[in-house]
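Read the structure below first, then the notes.
The values are calculated or read from the model by the stated rules, or taken from the named source; none is laboratory data. Only a predicted model underlies this, so the values are computations on that prediction, with no experimental measurement involved. Here the Cβ positions follow ideal geometry from the backbone for every residue, glycine too, while neighbour counts run over all protein chains shown.
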Amino acid sequence: MKDMLTVSEVSRVYGVSARMLRHYEKLGLMGSERKEGYAYRVYRPEDIQRLRQILVLRKLRLSLKEIGDILNDPGPATAICVFEKNLAQMDDKLRALGAVRDAIAEFLSALKQRHALTAGEVILQDDQLMSLADALSPSSTLIQEERKHIMENLQQADQVKKALADVRIVHLPESDVAAAHFIGDDPETRTGSMIAEFARTTKLWEKHPGLRLYGFNHPSPVDETGFHGYEFWITIPDGMEVPPPLEKKHFPGGTYAAHMIQMGNFEEWTQLDEWVRNSEEYTYAGNGDPETMFDCLEEHLNYHDHILETTDGDPETRQLDLLIPVRRKEK
């Protein structure tokens, strides 16, 4: 066991949840092993080295598939191809943002020169933008030649903006839930298996076809023992009894800012948090308690089908909604 780390130790040192470690292993990005006479998985130095490589490449915003391709290639060819492709995409985005900046500069100049007009008379439609550019530019011929290229870049920038602001406002219905909670090593797997066993034993999908599965860190990220916890809630029909160790609770529902991610892209929590902070219409409405992840939730999408696809264990999650409680700002 010397030089080996447990799941909780790796999670604490590198800031990666047990669920993410399990996900990386399922994708074949890294490994772990179980020692005889020891109940939990442990990570060898070579596993930790691979994790560090994954985390560095994630900071470069590479997808998990790209990371796997790079790390599984003994040579540099795949990495060169991936980095060239990503640099080209970034260059396209920079050109698009540059076009937006140029357009804003033109708008600003026009507003200063035509201060007798309202902004709405100067800035609205694309054709007005191009007419304005023709009037202001010393070379209208050049503007016309570049028009198509500029508009393509503006459209690209608009798509980038939409992707970064892919946030929905949803109302989660009030419901009774069966709750599974565990603090210790690999709590997501343990609680997920508890919920799955309950769902299969009761054939919950027949009694409650609209079942939904929520989860959150509890406590988050670690408690004084060095372990973190996780809690799952699965919605149940009114009046249904819940066997121990599960606990029956009531979820009051509410309004949430929602952002869908592919499993593994948990860094997008930061993006969603920034959206809520910067929203002109909505504000955070949670309890502010980090113990329960600030009342934020992760909904495992299409759990109804996933639980039917597997016969044991915790079904693999493919997509999740990240959910932050919000309310409308007072006007």
Worksheet item: Scanning for something farther than 25 Å from residue 193 by Cβ and at pLDDT 95 or above, does the stretch 264-278 turn up at least one residue?
Response: no
Practice prompt. Quick one: residue 159 ticks every box in (1) at pLDDT below 95; (2) surrounded by 15 or more Cβ atoms within 10 Å (Cβ to Cβ) except a single one, so which number is it?
Written response: (2)
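Given the residues 289, 314, which is the only one that is in contact (Cβ under 8 Å) with a residue 60 or more places away in the chain, among the acidic types (Asp, Glu) and out of contact with any Leu (no Cβ under 8 Å at 6 or more places or on another chain)? Reasoning before the result, please.
Values: 289 fails: in contact (Cβ under 8 Å) with a residue 60 or more places away in the chain.
Residue meeting the stated conditions: 314.
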Practice prompt. Give the residues of the stretch 240-277 that are in a strand (DSSP E or B), surrounded by 15 or more Cβ atoms within 10 Å (Cβ to Cβ) and either without any contact (Cβ under 8 Å) to a residue 60 or more places away in the chain or aromatic (Phe, Trp, Tyr) (or both), sorted by residue number.
Written response: 251, 256
Discussion item. Checking residue 35 against (1) surrounded by 15 or more Cβ atoms within 10 Å (Cβ to Cβ); (2) farther than 26 Å from residue 270 by Cα; (3) basic (Lys, Arg): exactly one of these is not met. Which one?
Written reply: (1)
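Is it fair to say residue 316 is surrounded by fewer than 19 Cβ atoms within 10 Å (Cβ to Cβ) and in a helix (DSSP H, G or I)? Write out each step before concluding.
On the way: surrounded by fewer than 19 Cβ atoms within 10 Å (Cβ to Cβ): yes; in a helix (DSSP H, G or I): no.
No.
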Discussion item. Cβ-Cβ under 6 Å, sequence separation 6+ or interchain: first residue in the stretch 189-209 and in the same structural domain as residue 41 (by TED's automatic domain parsing), partner part of a helix (DSSP H, G or I). Which pairs?
Written reply: none
Fill in: Long-range neighbours under 6 Å by Cβ, at least six apart or interchain, first residue within 16 Å of residue 58 (Cβ to Cβ) within the stretch 1-21, second assigned to a helix (DSSP H, G or I) and hydrophobic (A, V, I, L, M, F, W, C)
11/18
